[in-house]
There are 2 protein chains.
Amino acid sequence: MLAPEASTTLIARMGARARGAAGVLASAPDARRAEALRCAARALSKSSETILAANSIDVARGQDAGLSAAMLDRLRLDAARVKAIAAGVAAVADLVDPVGQVIDAATRPNGLELTRVRVPIGVIGIIYESRPNVTADAAALCVRAGNAVILRGGTEAIESNRAIHAALVDGLMQAGLPADAVQLVPTTDRAAVGAMLAADGLIDLIIPRGGKSLVARVQAEARVPVLAHLDGINHVFVHASADPEMARRIVLDAKMRRTGICGAMETLLIDRDFVDPAMLVEALQQAGCEVRGDPIEASIGEIVKPADPADWDTEYLDAICSVALVDGVDAALAHIARHGSGHTDAIVAADERVAEHFLARCDSAIVLWNASTQFADGAEFGLGAEIGIATGRLHARGPVALEGLTTYKWVGRGSGQVRG
Amino acid sequence: MLAPEASTTLIARMGARARGAAGVLASAPDARRAEALRCAARALSKSSETILAANSIDVARGQDAGLSAAMLDRLRLDAARVKAIAAGVAAVADLVDPVGQVIDAATRPNGLELTRVRVPIGVIGIIYESRPNVTADAAALCVRAGNAVILRGGTEAIESNRAIHAALVDGLMQAGLPADAVQLVPTTDRAAVGAMLAADGLIDLIIPRGGKSLVARVQAEARVPVLAHLDGINHVFVHASADPEMARRIVLDAKMRRTGICGAMETLLIDRDFVDPAMLVEALQQAGCEVRGDPIEASIGEIVKPADPADWDTEYLDAICSVALVDGVDAALAHIARHGSGHTDAIVAADERVAEHFLARCDSAIVLWNASTQFADGAEFGLGAEIGIATGRLHARGPVALEGLTTYKWVGRGSGQVRG
């Protein structure tokens, strides 16, 4: 294990090189950055065998180390997955370039022409776990938005990450961009993560990608700004005015389409005046979902087993759903304000006034009316690939794609104006 | 002095009340929030005598405590200053409401109507020093943008702040908005500042307003996101193509109009090929400015005394200027990248290509061509009053006014869409 000082020195050196590369990237023409990603995609395809060989070393080590089947699945690559990774990188090249976009412009009374222009953030640190595809996905989005990136993947994926990283660097260099624009922390030492979190001024933004304990550690320790997604405790509120069939379809999709994603519904709130609460619960149960409700909820034909108080604050990420009967939209909003995580919440209602009340009052990153919470996704929102879904309140909220990886500067063009 | 736990409990209680008030404020109609500020402005005018009496207690205590003349000046109010404070609050009422503005809208191929809408941030903490006017200025901007605010002013201004706060609360209540929307930390205990900085989840954003040591402490300790302005080490680069008379006017204004503001020029960079460097230096000296340059700069007719290496990293906030001769625009950009603080930097040039190169490559919050750095100001940018000038890279950069005190949420209106 490296001494903490060695990690600090390592990250400081990488940060300085990244800063230099960021300057080149920010002023490179859009076409050059896009070309680098297309070259990288081709390099990934070409090195598929090398990547798979490296990955098989990681997988073998992981098996020896007794990793769970789920972790091994996240770690394991095959030819199809490498192809998908390369296609993902190429797709990012096709996204619209945010850098240089004019957010607003005005000519001041004194003649000063003032514009606000999108620029890259600078140096972004990505801290992630066992999925090697993050190496390519995250790097592609950062580079497309003109940022240099420092990647720190999971120890268990280090060989795979090195092979993927080599292909990305190959692409950068083919396009005449600096290799330092995408750097992989070469050590699996945990102290390197601490050094990244402390690298205020060297790294402009940290994005953790992984499980709750990783994100919590990053949020607790970081001296660098963090863009993170913690929980997705999402609600669907079925109002009395909801069409029962629409409610059934949305509830089933929100919970059961994929139970392990952050946009999945975890709690179903049913208006006490809704015509058929039992139908919704039965539909979930028939789809293989365990349904839990508090004693009040036992009135739903006694088909719900009691919920523990902790259930209302639990992100199951599984075929489990908590259900509460509530007295109208304001009680639903109060439940969400108390137990929600500010990710995605939805109302099913025919009454437009009630729906608009919910959309205005529900203080989550994404609020939906008559649509499944599983739409919480950058691609579904038309943003292309996303780097994550942010549950904080500043800079970027909800799906974060290229625009969220930029900031802006003010550009003023004058003709000798002084304030006098 | 309160025990740290007592401070934590105090801030937790205030934070919970602020969260409740923020919900009411966010959903209050624009006219109600504006009306509250107009009522507050009238209440401030009406309580002018009470405020001045409270202020005279603070000033007397400050004199006894041996505060510097500069600190006493920042602390002292008179009838004209109270009038200006009230007028400032009324002016914020007239600003365009950012809440509810649609940033963008799209209908997805599946028919989901998606909009991104500006919403308040929530609960904002302001930590400031001896100027009592910040109590009113900061609260007005926060409330206008729909946020609740927790104010923690300087110990030396506590009586003045209480009197101003009472008038603000009076205005809120007259307009039917909750008093808890604007709360003043009742204790002068420094542990309360620590409790605010640690109040992750209770306070959404901390804005420090004051000197470098306050801002540095806030940035070092905060677990809550911070929007801050540290240094304004601003440069004016006079390119070889600059019109000498325009350069003279801009340099003089940038340095000498007001030397103590964060937008003041601190370092003058002169292109070695500029026709008359000595003229610029002499103009500054004749205006009463001390000019320092490194040994190379002694070539400017030997009218510059040597600079210490630390000079290039110094925010004088005084009639002192460092001057360096540089070899063209890229050398100027390199100097700024090394020594600048990312606040405001300007180029004076007739050559448009060189100027656009500078505007594109200079990585500061505000970059100007042929205009004085002293334009770095929210009002000059047409934003109305500003809460500060941010030198960080995320969320908001440069002058931060109402828009910077908001965030956004995604609102989707569907007709039963599921991802399936």
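The values are calculated or read from the model by the stated rules, or taken from the named source; none is laboratory data. The structure displayed is predicted, hence computed values, not measured ones. Using ideal geometry, Cβ is built from the backbone for each residue, glycine included, and neighbour counts are taken over all protein chains shown.
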Item checked: Test result for B:Ile347, within 13 Å of chain A (Cβ to nearest Cβ), crowded, with 21+ Cβ neighbours inside 10 Å and of a type in the set (A, V, I, L, M, F, W, C) -> yes
Notebook entry, point to check: If we keep just the residues of segment A:24-45 that are within 14 Å of another protein chain (Cβ to nearest Cβ) and crowded, with 19+ Cβ neighbours inside 10 Å, which is farthest from A:Ala139 (Cα to Cα)?
Noted result: A:Ala28
Checklist line | For B:Arg393: the one exception among (1) in a loop (DSSP other than H, G, I, E, B); (2) over 24 Å from B:Thr267 (Cα atoms) | finding: (2)
Next item on the list: Looking only at segment A:111-127, decide whether some residue is away from chain B (no Cβ under 14 Å) and modelled with pLDDT of 95 or more.
Entry: yes
Next item on the list: Would you tally the residues in segment B:65-87 being at pLDDT below 95 and under 25 Å from B:Ala26 (Cα atoms)?
Entry: 0
Check: Which of the residues spanning segment B:211-262 are in the same structural domain as B:Gly340 (by TED's automatic domain parsing) and among the hydroxyl-bearing types (Ser, Thr, Tyr)?
Finding: B:Ser241, B:Thr259
Next item on the list: Would you point out the residue of segment B:229-247, among those that are surrounded by fewer than 20 Cβ atoms within 10 Å (Cβ to Cβ) and under 30 Å from A:Val224 (Cα atoms), that is modelled with the lowest pLDDT?
Entry: B:Leu230
Next item on the list: Could you please find all residues in segment B:264-279 being touching a residue at least 60 places away in the same chain (Cβ under 8 Å) and away from every other protein chain (no Cβ under 14 Å)?
Entry: B:Thr267, B:Leu269, B:Asp271
Notebook entry, point to check: Does segment B:227-263 hold any residues that are under 26 Å from the mean Cα position of the chain (by Cα), assigned to a loop (DSSP other than H, G, I, E, B), among the small types (Gly, Ala, Ser) and within 11 Å of chain A (Cβ to nearest Cβ), and which are they?
Noted result: B:Gly263
Notebook entry, point to check: Taking B:Glu156, is it more than 17 Å from the chain's Cα centre (by Cα), in the same structural domain as B:Ser27 (by TED's automatic domain parsing) and surrounded by fewer than 19 Cβ atoms within 10 Å (Cβ to Cβ)?
Noted result: no
Checklist line | Matching residues in segment A:14-31 - criterion: being in a helix (DSSP H, G or I) and among the small types (Gly, Ala, Ser) | finding: A:Gly15, A:Ala16, A:Ala18, A:Gly20, A:Ala21, A:Ala22, A:Gly23, A:Ala26, A:Ser27, A:Ala31
Next item on the list: Scan segment A:59-83 for residues that are polar (S, T, N, Q) and touching a helix residue (DSSP H, G or I) at 6+ places or on another chain (Cβ under 9 Å) and report the count.
Entry: 1
Notebook entry, point to check: Quick check: anything in segment A:401-416 facing chain B (nearest Cβ under 7 Å) and without any contact (Cβ under 8 Å) to a residue 40 or more places away in the chain?
Noted result: yes
Next item on the list: Write out, first by first residue and then by second, each pair whose Cβ atoms fall under 9 Å of each other, whose residues are 6+ apart or on separate chains, and whose first residue, in segment A:332-355, is closer than 20 Å to A:Gly388 by Cβ and not assigned by TED's automatic domain parsing to the domain that holds A:Pro244 while the second is in a strand (DSSP E or B) and modelled with pLDDT of 95 or more.
Entry: none
Next item on the list: Looking for whichever is surrounded by 24 or more Cβ atoms within 10 Å (Cβ to Cβ) and basic (Lys, Arg) here; the options are A:Arg162, A:Arg131, A:Arg144. Which one fits?
Entry: A:Arg144
Checklist line | Residue under evaluation A:Gly342, criteria (1) within 13 Å of chain B (Cβ to nearest Cβ); (2) assigned to a strand (DSSP E or B), criterion not met | finding: (2)
Next item on the list: Answer with yes or no whether B:Asp204 is at pLDDT 95 or above and closer than 27 Å to B:Gly404 by Cα.
Entry: yes
Check: Is one or more of the residues making up segment A:353-371 in contact with a helix residue (DSSP H, G or I) (Cβ under 6 Å, 6 or more places away or on another chain) and farther than 19 Å from B:Tyr408 by Cα?
Finding: yes
Next item on the list: Considering only segment A:165-203, state which residues are of a type in the set (S, T, N, Q), under 27 Å from A:Ala220 (Cα atoms) and surrounded by fewer than 19 Cβ atoms within 10 Å (Cβ to Cβ).
Entry: A:Thr187, A:Thr188
Next item on the list: Could you please find all residues in segment A:356-393 being more than 16 Å from B:Val418 (Cα to Cα), more than 7 Å from chain B (Cβ to nearest Cβ), surrounded by fewer than 22 Cβ atoms within 10 Å (Cβ to Cβ) and small (Gly, Ala, Ser)?
Entry: A:Gly384, A:Ala385, A:Gly392
Checklist line | Candidates A:Arg223, A:Arg217, filtered to the one that is touching a strand residue (DSSP E or B) at 6+ places or on another chain (Cβ under 7 Å) and without any contact (Cβ under 8 Å) to a residue 40 or more places away in the chain | finding: A:Arg223
